[in-house]
Amino acid sequence: MLEALTHYFSQNRQIVLPGIGELKAVYNPARYDAGQQLMLPPGFSFQWIPQGEGEMDSPQPLMAFLGRMNQWTEEESYEAMHSFGNSLRNTIATRGEWIWPGVGKLVPLNKESLGFVPEEGLDNYLTPIEAKRAIHTGAVHQMIVGDKETNTFEMQEALKEAEDLPSDKWWIPSLILAILTLVLIILRLSGVI
């Protein structure tokens, strides 16, 4: 029975155990943690809803699956699940837990409800990887400047040529224009022009 339940859970990512509770595996996609510059792996988080808490899905799909897998009638499937549930509750009452290999374990929270503890190995299987920005200094790549296609090497050469132009003598043409303007103003005020 446990093998069939594991098979059903791995296919559907949720299972209703009548009289016990419902277990759902929620997929968490890979994500980027910008603060730590890590790419966090995808994985699953488990949501356990004990019997009597919240709204549970119907166990009908599970019963149909068990019937197809074992060639049982619907009544035989319900009887087998009822018997499995009783066995599970007895195991928890005597051992204090019921271990579901590869998934986790059910433990008593109080007399009426059970809690789920996922298996620890599942969280550590995939590890985060470093995701720093790659900067390749000196690498040549294509780029568009205005409407001209060029590359980074040609742009660096053009910048070096622009730096070679004398830029410390910019004030000379400005001074000449200022002197000419002053001479014209004086001539205009004196009435010569």
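Over the residues of the chain, the helix contribution to mean residue ellipticity at 222 nm works out to -13500 deg cm²/dmol, using -39500 (n - 2.57) for each DSSP H run of at least 4. Scattering from region 142-190 was approximated by placing one identical point on each alpha carbon and applying the Debye formula without solvent; log10 I(q)/I(0) at 0.23 1/Å stands at -0.84. In plain terms, the residue of PHE116, PHE46 with the fewest other Cβ atoms within 10 Å comes first and the most crowded comes last, giving PHE46, PHE116. About its Cα centre, the chain has a charge dipole of approximately 540 debye under the convention of +1 per Lys or Arg Cβ and -1 per Asp or Glu Cβ, with nothing else charged. Across the options ILE186, VAL140, THR152, the greatest Cα extent toward the positive end of the charge dipole of region 125-193 (unit charges at beta carbon of Lys, Arg, Asp, Glu) belongs to ILE186.
Values in this text are rule-based calculations from the coordinates and carry no lab data. Predicted, not measured: the structure shown is a model, and the values here were computed from it. Because the Cβ atoms are built from the backbone with ideal geometry, glycine has one as well, and the counts that use them run over all protein chains shown.
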